[in-house]
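Q: Here it is: the structure, laid out below.
The values are calculated or read from the model by the stated rules, or taken from the named source; none is laboratory data. Just so you know, these numbers come straight off a predicted model, no measurement behind them. Cβ placement follows ideal geometry from the backbone for every residue including glycine, while neighbour counts extend to all protein chains displayed.
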Amino acid sequence: METGDDGTKTKWQQSWKDWFQTPKAEDAKTILEKGRKQCADQSAVTGPVATELRRVTANHGSKASESPATETDPPTDLEPLTLEQLRGYVSLDVSTLSNEAISWQEKRRTGWRKVTTGISQFVQDFDTFLSRFSGIVEIVNMADSQYGGAATLVLSVFFMTVKLKAANDNSIQSCMRTIANRLPDLDIYYRIFADEVLATMLSNAYLDIVIFAQTATAYFQGHGLARFIKGIAHPKSFQDREDGLGKTFGEVRIRCNALVAQRIDQLAHDNEDLQKKVDNLGKQLEEAQSRHDDETRRVIFNRQYSEPKHTRQEKQAKLRRLLDGALFSTYDDAKSVLTLDMLKQCPEYKTWWEKSGSSMLVLHGNNNFDYSAVPQSWLSLAPLDLALELQALASSPAPSNMKAAVAYFNCDSDQDPITLNQDSDPTSPAKPEQVLYNVTEQLLEQQARVMRKMSDVDDIAHRLKRIKSDQEHREGAEHVTSTAMIDDSCQNIRQILQRCQAPLYIVIDRPELCKGCSTWTFVKSLLGLVEEAAAAATLKVLLVVKTHCWDIESWREVVDEETLRSNKLVILRRDQVDCD
């Protein structure tokens, strides 16, 4: 067992209880019974000791005798303390006993009485002794609670006899220190299961401690002068006992350490096997989730995609080479493209990026006069690099449901915008619903598992099917987009946003080139997603617009003031001539 928590301790206790019920426990129980009988043979307790025992047990809530203590009371007539009560009594009275010892020592500074001083140190040694002995008591209680109770009574009589007589003896204290130093801490026992060899060792240790306590009690019950004479006559009586106890308890510690090492090795082996199973289950779960995600995408998109991922990546790479190549490098550097580093230095960008919650940034401006005939915008490289940077971060090993989802779409007809109908002219202008369809596809490609409910899958699939149907009916009206188609497309993104814990980033380059509805209608729909996003959701939208094609400043007055004040809409203009 690795720790001494409640669950582990319960299993540890049960292992010993079960073991004590087996035939293997007979030898240990025989020794314990001998110790119990030894306790029963304890000589009569003198009146002051019996009175103190009654007082302490009464204070701990035990049943106290109402009759006054007689000159002698047999231990069987006394309400025994538990080991916990005795430990509490000793610990609580350490300071009190120390103060009392001062007055006792004042009376014993001269003559033969001075050999019996030092009670305060005895109390401290006894407290440590009980702490270590508690492990043995807890184990023998698994066999029968009377064993622990008997030993505690003997120790209680021993302690109170010494306390009331204010007596002490260096050899007995040395013996207690040996026991305390050799016995393992209680937590060590909690780390090992029942063991036959250890049980026999602990039973012998239990018996040795009982005999030691009785012998020491008998020694202290004698008159001080008699103890002094006895110490001169038999100077090594307790030293010999200490040597024997030290050997016994040293063997207990060695056995415990060996069992702990064995247990640690077993746990390490079990942990290795468990880790292999966990890794295998993790792989199986990942494979199952991947299959579920693929099936979700196939159901939603009716088993076909408007644009494979590798095709989209190739287009983005091609566009980047075009924007960062010779297209804008004919003249000096002051007329070069806007880079991502340059964009990140703009205060408006920082406001949009750092804002908690959802926000839209409209980046607009004109090319330099020398590039006015170039269909691409000098602003387009920075948003593309931002999308690529976010996509790289989304490929990190974090849980997929916590990764940011990034969708990028370029509406420039020269970049072969993808349409819903694969047989249509690839250079025909994109429509808002086509852009949003592609955006939805990209978001679900990265966050398909957020659509765990079949109802979510059905809802999105139904709306996409309706968009396709509408598109087919409008084949003769290429420049017309119904409001319902845009609403359905936005609702798909809204539903993903509600289910996704990670931020969503949508980058749309040149939305003013889309046909079928006004640019403001398209932009307003995206802004509506930002405004309606719940507090827990994060949607960041970045639009890139050529100002001479569509100027958002002319629409500022129709935008809600709160939207501008709260930075849900941030507008940034950069013309190429402004580049420095």
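Q: I'd like to check something: does the stretch 499-518 contain any residue that is at pLDDT below 90, in the same structural domain as residue 412 (by TED's automatic domain parsing), under 19 Å from residue 447 (Cα atoms) and part of a helix (DSSP H, G or I)?
A: Taking every residue of the stretch 499-518 in turn, at least one turns out to be at pLDDT below 90, in the same structural domain as residue 412 (by TED's automatic domain parsing), under 19 Å from residue 447 (Cα atoms) and part of a helix (DSSP H, G or I).
Q: Also, quick follow-up: Does residue 332 satisfy the condition of being modelled with pLDDT of 65 or more and of a type in the set (Asp, Glu)?
A: Numbers: modelled with pLDDT of 65 or more: no; of a type in the set (Asp, Glu): yes.
It is false that residue 332 is modelled with pLDDT of 65 or more and of a type in the set (Asp, Glu).
Q: Suppose the filter is hydroxyl-bearing (Ser, Thr, Tyr) and modelled with pLDDT of 85 or more; does residue 482 pass it? First the steps, then the outcome.
A: On the way: hydroxyl-bearing (Ser, Thr, Tyr): yes; modelled with pLDDT of 85 or more: no.
Answer is no for this residue.
Q: Now a separate question. Tell me yes or no: at least one residue of the stretch 522-531 is touching a residue at least 12 places away in the same chain (Cβ under 8 Å), touching a Pro at 6+ places or on another chain (Cβ under 6 Å) and not in a loop (DSSP other than H, G, I, E, B). Break it down stepwise before answering.
A: If we filter the stretch 522-531 for residues that are touching a residue at least 12 places away in the same chain (Cβ under 8 Å), which is where we start, we get 522-523, 525-531.
Now restrict to residues that are touching a Pro at 6+ places or on another chain (Cβ under 6 Å): 522.
With the extra rule that they be not in a loop (DSSP other than H, G, I, E, B), the set shrinks to 522.
Among the residues of the stretch 522-531, at least one is touching a residue at least 12 places away in the same chain (Cβ under 8 Å), touching a Pro at 6+ places or on another chain (Cβ under 6 Å) and not in a loop (DSSP other than H, G, I, E, B), which makes the answer yes.
Q: Does residue 559 satisfy the condition of being touching a strand residue (DSSP E or B) at 6+ places or on another chain (Cβ under 7 Å), touching a residue at least 60 places away in the same chain (Cβ under 8 Å) and more than 19 Å from residue 346 (Cβ to Cβ)?
A: Numbers: touching a strand residue (DSSP E or B) at 6+ places or on another chain (Cβ under 7 Å): yes; touching a residue at least 60 places away in the same chain (Cβ under 8 Å): no; more than 19 Å from residue 346 (Cβ to Cβ): yes.
In short, no.
Q: Select, from 348, 354, 287, the only residue that is modelled with pLDDT of 85 or more and surrounded by 10 or more Cβ atoms within 10 Å (Cβ to Cβ).
A: Working: 354 fails: surrounded by 10 or more Cβ atoms within 10 Å (Cβ to Cβ); 287 fails: modelled with pLDDT of 85 or more.
From the options 348, 354, 287, the qualifying one is 348.
Q: Among the residues of the stretch 523-532, how many are touching a strand residue (DSSP E or B) at 6+ places or on another chain (Cβ under 9 Å) and either under 12 Å from residue 362 (Cβ atoms) or not acidic (Asp, Glu) (or both)? Write out each step before concluding.
A: Filtering the stretch 523-532 for residues touching a strand residue (DSSP E or B) at 6+ places or on another chain (Cβ under 9 Å) gives 523, 526-527, 529-531.
Those still in the list that are either under 12 Å from residue 362 (Cβ atoms) or not acidic (Asp, Glu) (or both) too: 523, 526-527, 529-530.
Looking only at that region, the number is 5.
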